[in-house]
Amino acid sequence: RTTMKSLRFISAEAFVSNAEFARKSLGAVAHDLFPLLFKASYLLEQGEVIHDLVENWPLFDFNMGKLLGATLDYQEDLSHRTCSVCLESCLTGLRDYVLNQSSPYAKKLKVVDLTGIKDVEVQFCKCKKTMGRWARTQLLSKLCSELLVYLQQAQCNPGTFEININVLIDLFVTERNYELVVQALLKKCSCPLKICCVAFRSDNLTLQKFFYIIKLTDPSLLRKLEIVHNVHLEMEHLEILFNSIHFPLLMSLTLPARTFNVRRFTATDEQMLTNIGEKMGEMTHLTELSMSFSILTGRIQKLLSPLKTPLKMLDVSNCSLNHADMAYLANSFHANHLEALDLSGHDIPELYPSTFFKLLSHCSSVLRSLTLEDCNIQDTHVNMLILGLSPCQKLQEFKFIGNPLSSQALKHLFTFLCELPMLKNVEFPVPRDCYPIGITYPIDDASLCRFDHQKYERVAEELNLILLQANREDVKASTPLFGSYDAAVQETNNELGAYLIKSFKETLEKFTTSFNKMS
């Protein structure tokens, strides 16, 4: 699919394609052409031109999402291209904007917004090297620190110290880049480039370090907070966090696995949960909540009823919800507003079929994403599922891997899915008849890949043919056995893998020591 380019855009491409000529001629370029030239340079991966455009940026703001998004001159959205060459050139250009004392343009730049960059699985840039969120965090922090050192050592124009540019960014901090980010945040006041954290993701951090850095980010500006995987945050720590720090603008909250475990609750824990619910109720902008792999049996109402704003996204996958929890969700004011819902890991047909379908009918007019992985949905439930999904005309994404469905049932379901006009992405399970007879669900990791791959390929072809015959080439259907693509996990998997090996080794050593003492 080719996207139409205006004559202006074609001219801009021609101009920037000769990097040497373009860089020499920038001084004669009109201010309002800089955004056009920037997008053309980004498309052609002209790193040196990108650097010089940013270094001499003549406008008040520099918004990556808007600059790379669909424009009248070129409709294609390039904000999902996290090209390493382009992004590094952008950020070093920003540093040199501060240092460049001979630029022909007045220094008007006040705000740089890097939050519009989208990390996706498939990259179309020629260099094939991406700069993910973690690496962007690392590079910006490094450049801020280097800038301060240079300004302290060199004889700079006094005007340089008057430059104040707010750089809006989604920070991603792990043990490996923690010190660098802390230094940049500590010296924010004296640095011309001021890191403004809009979204914060932390992984593989001790609680002490997490609490320290979250205070440095200026939580009053934070819109999104993700505490994931290897941050061992439990309920008492969450209560301390909410009691000591206010998040007035927080819209999205993700908590790590096992934050809550009601199976070992005491009266004190019940009060703690009430307090947390009340604190979340004070977050009047909160519309997205993810609490997967916590044990929340019978406590959903206590957590969610204090919320004053209806949730648009709720992930309670593998949270051991009971009938009372599902009944609360189906009847709550959240139900009519849910655009994304994840109920994976619950035996829906067995535990609460009618209540689930009631919830589905309430959110059907707005629901865009539904995830029902490992929910024990079998062939006998498919007709009921089709009935429940029929009103969901805005559904864009449906994920249901890990369910014991036959290839015949999948074909029946796909024939229906073709009728959902907005559908773009389907994640379907390996058909049950591709596995050995007697396989039990949920399938353990060791058995996950032990299926008839040739038969699966044949079925997948037939399912894609159903889409093709219905003129639904726009729908992507896949079976990601080990879960959907996660850009953040992908980028830091080496560090996380090393952490897990270290944890396993320490556990083994403790076990050996205990065993030796017993012997």
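The values are calculated or read from the model by the stated rules, or taken from the named source; none is laboratory data. Because the structure is a prediction, the values reported are computed rather than measured. Cβ atoms come from the backbone with ideal geometry, glycine included; neighbour counts cover every protein chain shown. Protein only, heavy atoms only, side chains kept; ligands, DNA and RNA dropped before computing areas. Shrake-Rupley method; radii C 1.70, N 1.55, O 1.52, S 1.80 Å.
Side notes on the structure shown:
- The residues in the range 372-388 that are open to solvent by 50 Å² or more (accessible area, probe 1.4 Å) and among the charged types (D, E, K, R) can be counted, and the count is 2.
- In the range 105-144, the residues that are open to solvent by 30 Å² or more (accessible area, probe 1.4 Å) and of a type in the set (Ser, Thr, Tyr): THR115, THR130
- Single residue of the range 176-202 satisfying the filter (within 21 Å of HIS246 (Cα to Cα) and not in a strand (DSSP E or B)) that is modelled with the lowest pLDDT: LYS188
- Considering residues of the range 154-168 that are touching a residue at least 24 places away in the same chain (Cβ under 8 Å) and either over 35 Å from the mean Cα position of the chain (by Cα) or more than 19 Å from LEU59 (Cβ to Cβ) (or both) only, the residue surrounded by the most Cβ atoms within 10 Å (Cβ to Cβ): THR160
- Qualifying residue in the range 73-87 (condition: part of a helix (DSSP H, G or I), at pLDDT 95 or above, within 22 Å of LEU148 (Cβ to Cβ) and touching a strand residue (DSSP E or B) at 6+ places or on another chain (Cβ under 9 Å)): yes
- Residue in the range 341-363 that is among the aromatic types (Phe, Trp, Tyr) and within 27 Å of TYR456 (Cβ to Cβ) present: no
- In the range 172-223, the residues that are touching a residue at least 60 places away in the same chain (Cβ under 8 Å) and under 15 Å from ARG136 (Cβ atoms): PHE172, THR174, ARG176, LEU193, VAL198, ALA199, ARG201
- Subset tally (residues that are part of a loop (DSSP other than H, G, I, E, B), over 22 Å from ARG368 (Cβ atoms) and open to solvent by less than 50 Å² (accessible area, probe 1.4 Å)) for the range 264-298: 6
- Picking from residues in the range 203-227 that are of a type in the set (Val, Ile, Thr) and either in contact with a helix residue (DSSP H, G or I) (Cβ under 8 Å, 6 or more places away or on another chain) or in a helix (DSSP H, G or I) (or both), the one that is nearest to ASP170 (Cα to Cα) is THR217.
- Residue-level analysis places SER447 outside the set of residues that are polar (S, T, N, Q), farther than 14 Å from THR479 by Cα, surrounded by fewer than 17 Cβ atoms within 10 Å (Cβ to Cβ) and modelled with pLDDT of 95 or more.
- Members of the range 450-478 that are loosely packed, with under 15 Cβ neighbours inside 10 Å, part of a loop (DSSP other than H, G, I, E, B) and within 27 Å of the chain's Cα centre (by Cα): GLU473, ASP474
- Conditions (1) assigned to a loop (DSSP other than H, G, I, E, B); (2) at pLDDT 95 or above: number failed by CYS90: (1)
- Test for ARG136: is it within 28 Å of VAL489 (Cα to Cα), without any contact (Cβ under 8 Å) to a residue 60 or more places away in the chain and basic (Lys, Arg): yes
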